[in-house]
Structures are given as C-alpha cells and as structure tokens.
Amino acid sequence: MTETDRAAVPNGPWLRRSRRIAYENPWITVWHDEVSQPDGSPGIYGLVHFANLAAGVVVLDEDDRVLLVGQHRYTLGEPSWEIPEGGVPAGETATVGAVFALPAAAVVAAATSALIEWPTSSLVGR
C-alpha cells in the first residue's frame, strides 16, 4: 500500500521527486508527494484521487430557486444541505451520472440544464 514511485515527474513549474500511497480504500487514494517547489526548495504535497468521477447538478426552478437535498454527512457529524450529487457508474458519462444523482422529481427540470465539469479542490488529483 505504501509503495514509492521515485521517478521525477515535472508538473508545470513543480517537480515531483517521489510519490507514495499514504492511504487507500475502494473510493479514494491519498498520495504523499515529495516535490521541488517552483523556487527550487523542497516541499510536500498531499493529493486525494477519487476512484470514480462524481457529478453534481444545480437545478433551478421557474422562479430561479435552487434545488437542495438534505442528508447526514459523516465527515461533518451533522445534516447538510447540498446540490444533488453522486458517483458516476464506471463506463458512464458525467451527464448520465448527474441524472442518477437527481431525485426523481427533478429529472425533468434538469433536462434543459447545462453540465459543467471542474475540479472541486486544489488537493484533488486526476
């Protein structure tokens, strides 16, 4: 699980000197990278890599209200209001995954929505 890759890999102005797996489960891998920063000084970087693509949907009704769903989030220790989101099944597109994430009543409203993909954090790796 903690095998180390020592091949130097450029990443823009950064240079990854080594990478090891710090943590892994069926859903995520956390990499610990030792890097040379753009100024040449040594540093570290932690990246979270998701095993599957995730899709979220912003659904607006005719009055421009945003659809939110509530669920308990273990990481927060309390309920959270969020846009509908979920994992994309292997081999499916983000659009199909977004439809799976929607509550049944919202599927029709989402038919005219636009899909935009973007990373959610500077710590998320692809």
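Values in this text are rule-based calculations from the coordinates and carry no lab data. Quick caveat: nothing in here was measured; it's all calculated off a predicted structure. All Cβ positions, even for glycine, are placed from backbone atoms using ideal geometry, and neighbour counts span all protein chains on display.
Would you kindly identify the strands (runs of 3 or more DSSP E) lying entirely within the range 55-97 that contain at least 1 residues that are basic (Lys, Arg) and touching a residue at least 40 places away in the same chain (Cβ under 8 Å)?
none
When the residues of the range 18-34 are filtered to those that are assigned to a strand (DSSP E or B) and in contact (Cβ under 8 Å) with a residue 24 or more places away in the chain, which remaining residue is nearest to the chain's Cα centre (by Cα)?
Only one residue tops the list, namely 31.
When the range 51-97 is examined, which residues are found to be aliphatic (A, V, I, L, M), surrounded by 10 or more Cβ atoms within 10 Å (Cβ to Cβ) and closer than 27 Å to residue 31 by Cβ?
Across the range 51-97, the qualifying residues are 51, 53, 54, 55, 88, 94.
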